[in-house]
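Have a look at the structure below, then the notes.
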Amino acid sequence: MSAELTALLFLGSLALTVVSSLSLAEVVDRVGERFGFSEGLLGIVTALAADSPEIAAAITAIERGRTSVGLGVVVGSNIFNIAALLGLSAAVAGKVHIRRRGLIFQGGVVLFVTVVVSALVLRWVAPIVALVAALFVLIPYVGLSALRPEQVERAFPAGRSWGFLVAALTSVERDVRPGQTAPAATRHDLYTLVPALTAVVLGSIGMVDTSLTLGARWDVSPIVIGTIVLAALTGLPNVLAAVRLALRGRGSAVVSEAFNSNTVNLLLGATLPALIVGVSAPSGTTELTVWWLIGITALTVVFTGYRGGLRRGEGLVIMTLYLVFVVVVVAG
């Protein structure tokens, strides 16, 4: 197959993946409304749908025996999410606002999972240990996020001991999508779930296979393909949604989308596949990528919590750090 035809197939697979993932996320949003999901739980489920390209691409690469590419997609897409969903949104909108308690609740979870999965990639812990540790935090996080404000207040009596948790949960619920709801799913929407997910998987398979073929022709490192090219392209649906939310002043929704997206990526795109196929010895570039992810995530949480939101200047700093990361990976 010629390089030109392979490139066309790559672009076609990319288009199929982006369009179908946007459709999938919209349908999942409507399904959540139909079944009365809380805003916190809806954000997690929607992040799962929006992350389907990254997860499918990572699993495809790992199944093809390209573990470094698969891990590169996951870790690289998380760095890209921080830079694009939060950094770019803050640069465009001027500020991405979130209440500090809600940030600590969500940011603490994503930082913990990031450190745990990074330890897995570096082979400091076994896959089963990483999975149990991540689920130890994520199961309560999802369960608490599923509660509505009135349920939170009934479940946790007023008082200093539960005050922080109640304030954090209610701020997430009330801030993520204030006064805006998607229409409830119809029967037609339910019928489109499986076809949309199938299209995402097929498109992701096509992207991985054609990008690796083109990389071999053009002498591009598989790590660069996974960590930079596929990681950024599979994150495009999330970027479009985040910038739109930021321009509407819905900073909490942007932060929730970015952090939930990264948490889902790490659990489904790295931890579960590692449990099945194991983890190979990390390359120098993989180690660099993991440490960069930890650093940029921690820095973003600090920036965002310092003055109740991520401002334009701080967003530009985060974007600059991502560009430096790209240069270092490509040059390496």
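Any read-out appearing in this document is the output of simple, stated calculations on the displayed coordinates, not a laboratory observation. As the structure is a computational prediction, the values presented were derived from the model and not from experiment. Because the Cβ atoms are built from the backbone with ideal geometry, glycine has one as well, and the counts that use them run over all protein chains shown.
Using the Cβ-Cβ distance between Arg34 and Thr198 with R0 set to 22 Å, the FRET efficiency from 1/(1 + (r/R0)^6) comes to roughly 0.55. Over the residues of the chain, the helix contribution to mean residue ellipticity at 222 nm works out to -25000 deg cm²/dmol, using -39500 (n - 2.57) for each DSSP H run of at least 4.
Give the longest segment of the chain that steers clear of chymotrypsin sites (Phe, Trp or Tyr not before Pro) in DSSP loops with at most 15 neighbouring Cβ atoms within 10 Å, not counting the sites themselves. Display every interim value, and only then the final one.
Values: sites that count: Phe35, Trp124.
Excluding the exposed sites themselves, the longest stretch runs over 125-332.
Applying the Kirkwood pairwise sum to the alpha-carbon positions of the chain produces a hydrodynamic radius of 19.9 angstrom. Kirkwood radius for region 23-74, taken over all pairs of different Cα atoms as the inverse mean of 1/r, rounds to 12.0 Å. For the pair region 99-129 and region 248-304, the centres of their Cα atoms are 8 angstrom apart.
Over all distinct Cα-Cα pairs of region 1-115, the Kirkwood formula returns a hydrodynamic radius of 16.6 Å.
On the basis of the beta-carbon distance and an R0 of 25 Å, Val129 and Ala298 show a calculated FRET efficiency of 0.70.
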